[in-house]
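Chemist: Structure incoming, see below.
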Amino acid sequence: MTLSDTREGRLAFASLHTTASHTIGVPHLAELLRVVPSDAPRERYREAVVDGNVLGRPTQAGRLRTFRHLRELYFLDPAHREYVALRRLWDVDPEARPLLAGTLAFTRDGILRASFSAIREAPAGTIVSSADMAKAVGAVYSGLSSATLGKTGRNTGACWTQTGHLVGHSKKIRRAVGAKPAAIAFAAYLGYLSGGRGVGVLDTPWAELLDLGAGAELDALRSAHTQGLIDLLVAGNVTDISFPLFEGVCR
């Protein structure tokens, strides 16, 4: 299944396995988006990475491989509404960028999604090991070899360190990410695309990445509204949410 389910026009999860061999590359994405303008066509991204070597890869093969991984996880293509939304939020708050990137990568990569159960179930302050990540992935992908699971555990641990869910190098500690309004708006938008309405836009797997806590959804939406990132109207028991920032993108 592709990311955008054209039969219903709704968001659906893709099932790539990019993180079985690579991390989500948030530093590379940040550097690439710094260099390539937000209105650039998709060809500019390849030119920047492969021809211009803006990411400083030592070989042509490495440049091509890095570009392929980034394209798989993030599209790098203004034809995709999810990527356009990420770019419109990217410069709102630099501190939100790791979680913005992780949220889109989570949408694209099945291995990363499988690993998240180890993050979700770990209380803040506890150790999350690569073995924990591998076990979570193995519960979903039972056919992977022990060697592949070991590498996947290390890669996904590094991914969740990049997003801020884990801290530390050899010993990784779970922490609450303290989601910024830009990340909340992005998760809400993806929830909207998947069919959620009202506060239900944060009753989704994407919203779980935000570490909001029980009953905090409306306050989170209010924070995004206060920053002008979404429109929120609460009248009695009715909550209406719209996304003027993504005008021309929603459908």
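The values are calculated or read from the model by the stated rules, or taken from the named source; none is laboratory data. From a predicted model like this one, the values you see are computed outputs, not experimental measurements. Cβ: placed from backbone, ideal geometry, glycine included. Neighbour counts: every protein chain shown.
Chemist: Being surrounded by 20 or more Cβ atoms within 10 Å (Cβ to Cβ) and touching a strand residue (DSSP E or B) at 6+ places or on another chain (Cβ under 9 Å) is the filter here; which residues of the stretch 30-81 pass it?
Modeler: L73, R81
Chemist: Also: Quick check on the stretch 39-48. Is at least one of its residues outside any helix (DSSP H, G or I) and modelled with pLDDT under 95?
Modeler: yes
Chemist: When you look at R88, is it in a helix (DSSP H, G or I), in contact with a Phe, Trp or Tyr (Cβ under 9 Å, 6 or more places away or on another chain), touching a residue at least 12 places away in the same chain (Cβ under 8 Å) and more than 30 Å from V137 (Cβ to Cβ), yes or no?
Modeler: Values: in a helix (DSSP H, G or I): yes; in contact with a Phe, Trp or Tyr (Cβ under 9 Å, 6 or more places away or on another chain): yes; touching a residue at least 12 places away in the same chain (Cβ under 8 Å): yes; more than 30 Å from V137 (Cβ to Cβ): yes.
Answer is yes for this residue.
Chemist: Quick check on the stretch 213-229. Is at least one of its residues β-branched (V, I, T) and crowded, with 21+ Cβ neighbours inside 10 Å? Steps first, answer last, please.
Modeler: Going through the stretch 213-229, the residues β-branched (V, I, T) turn out to be 226.
Filter again for crowded, with 21+ Cβ neighbours inside 10 Å, leaving none.
Looking through the stretch 213-229, none of the residues is β-branched (V, I, T) and crowded, with 21+ Cβ neighbours inside 10 Å.
Chemist: Taking the stretch 120-179, which residues are assigned to a loop (DSSP other than H, G, I, E, B), among the aliphatic types (A, V, I, L, M) and surrounded by fewer than 16 Cβ atoms within 10 Å (Cβ to Cβ)?
Modeler: As a first pass, look at the stretch 120-179 and keep what is assigned to a loop (DSSP other than H, G, I, E, B): 121-126, 128-129, 141-145, 164-165, 168-172, 175-179.
Pick out the ones that are also among the aliphatic types (A, V, I, L, M) and you get 122, 124, 128, 144, 176-177, 179.
Selection gives A124, A176.
Chemist: What are the pairs, 6+ residues apart or on separate chains, where a residue within the stretch 14-34 that is in contact (Cβ under 8 Å) with a residue 60 or more places away in the chain has its Cβ under 9 Å from a residue that is of a type in the set (K, R) and surrounded by fewer than 21 Cβ atoms within 10 Å (Cβ to Cβ)?
Modeler: Matching pairs, first to second residue: T18/R68; A20/K151; S21/K151; H22/R65.
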